[in-house]
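Before any comments, here is the structure.
Taken together, the values in this text are just the output of simple stated rules run on the coordinates, not laboratory data. On a predicted model such as this, the values are computed, not experimentally measured, just so you know. Please note: Cβ atoms are built from the backbone with ideal geometry, for glycine as well, and neighbour counts cover all protein chains shown.
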Amino acid sequence: MSIALGQPAPAFSLPGDDGPVSLDQYLGRRLVLYFYPKDDTSGCTSEAKAFRDLYPQFVAANGDILGVSRDGVASHVKFRAKHALPFRLVSDAEGTLCEACGVWKQKSMYGRTYMGIERTTLLIDEAGLVRQVWAKVKVGGHAEAVLEALKAL
């Protein structure tokens, strides 16, 4: 399934690096929900650091950020501490949120096909509605583009 603009973001309650996380906790604020393949890999680290560096501006625009991957909580704790990430990371180990958001896709690398997270970002408004979707994200300049869209809401 894929996410359509204007529809409610899928409800979720998942373990985070510092306790349970649910969509309801962010109602009344704008939320950047970004899906990434794996903790501490080069692209995922670059993306997380870009969001980290702009985080004060996201907060100033009544926004927050949640990173989601299928890595476990222990991995998220290490990743977040290692890179001083100010936002929470969510473990979707079973892939339910990934499936609901349509980011669990067949991928290929070096002729091998496999299932994995397609780097995707959702911008969710204060009422929990999806306002923008970035699929097949390229990391360079992405955090800045998301910040501009957040400010424009």
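Brief remarks on what is shown
Here is a yes/no grid of residues against (1) in contact with a helix residue (DSSP H, G or I) (Cβ under 7 Å, 6 or more places away or on another chain); (2) among the hydroxyl-bearing types (Ser, Thr, Tyr); (3) in contact (Cβ under 8 Å) with a residue 60 or more places away in the chain; (4) farther than 18 Å from His142 by Cβ:
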site: Ile65; (1), (2), (3), (4): yes, no, no, no
site: Val73; (1), (2), (3), (4): no, no, no, yes
site: His76; (1), (2), (3), (4): no, no, yes, yes
site: Ala81; (1), (2), (3), (4): no, no, no, yes
site: Phe87; (1), (2), (3), (4): yes, no, no, no
site: Glu94; (1), (2), (3), (4): no, no, no, yes
site: Ala100; (1), (2), (3), (4): no, no, yes, yes
site: Ser108; (1), (2), (3), (4): no, yes, no, yes
site: Arg112; (1), (2), (3), (4): no, no, no, yes
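Each row is one residue, and each column tells you yes or no for (1) of a type outside the set (Val, Ile, Thr); (2) surrounded by 18 or more Cβ atoms within 10 Å (Cβ to Cβ); (3) more than 13 Å from the chain's Cα centre (by Cα).
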{"position": "Phe79", "(1), (2), (3)": "yes, yes, yes"}
{"position": "Pro86", "(1), (2), (3)": "yes, no, yes"}
{"position": "Asp92", "(1), (2), (3)": "yes, yes, no"}
{"position": "Val103", "(1), (2), (3)": "no, yes, no"}
{"position": "Gln106", "(1), (2), (3)": "yes, no, yes"}
{"position": "Arg112", "(1), (2), (3)": "yes, no, yes"}
{"position": "Thr120", "(1), (2), (3)": "no, yes, no"}
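- Flag set for Gly28, criterion: in a loop (DSSP other than H, G, I, E, B), of a type outside the set (A, V, I, L, M, F, W, C) and either closer than 22 Å to Lys136 by Cβ or in contact (Cβ under 8 Å) with a residue 24 or more places away in the chain (or both).
- In the condition set (1) in contact with a Phe, Trp or Tyr (Cβ under 8 Å, 6 or more places away or on another chain); (2) closer than 21 Å to Leu23 by Cα, Arg80 is compliant with all but (1).
- For region 87-126, the set of residues classified as in contact with a strand residue (DSSP E or B) (Cβ under 8 Å, 6 or more places away or on another chain), of a type outside the set (Phe, Trp, Tyr) and more than 17 Å from Val68 (Cα to Cα) consists of Gln106, Lys107, Ser108, Thr113, Asp125, Glu126, listed by residue number.
- Residue list for region 113-130, restricted to those being aliphatic (A, V, I, L, M), closer than 23 Å to Arg29 by Cβ and not in a loop (DSSP other than H, G, I, E, B): Leu122, Leu123, Ile124, Leu129, Val130
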